[in-house]
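The values are calculated or read from the model by the stated rules, or taken from the named source; none is laboratory data. This is a predicted model, so every value here is computed, not measured. With ideal geometry, Cβ positions are generated from the backbone for all residues, glycine too; neighbour counts draw on all protein chains shown.
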Amino acid sequence: MPLFHFELCQNGRTVGRTETRDCPDCGMAFRAARDMIRTLREADTLPDGAREHTLRVSYVDHSTLFDLPFNLGI
């Protein structure tokens, strides 16, 4: 199963630690990212809310797959 990296970013810069997960495909990586964002929003621990935050999802070689903004409303 492919490995994907998930990194919390603020204004394009990584903040916090990288989480690595096994996901069978890009669709499951998207769903995992969506669930992580929901969890972080519910915890309400982000400074200045979620306006400037994204969750960067990348392949194991750290090439970016996508950046998912927290204010997307998913």
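What to note about this one:
- Residue tally, condition surrounded by fewer than 17 Cβ atoms within 10 Å (Cβ to Cβ), at negative phi and not small (Gly, Ala, Ser), over region 2-38: 19
- Residues satisfying the stated conditions in region 41-64, i.e. hydrophobic (A, V, I, L, M, F, W, C) and at pLDDT below 95: ALA43, LEU46, ALA50, LEU55, VAL60
- Qualifying residues in region 5-32 (those that are modelled with pLDDT of 90 or more and aliphatic (A, V, I, L, M)) - the one nearest to the chain's Cα centre (by Cα): LEU8
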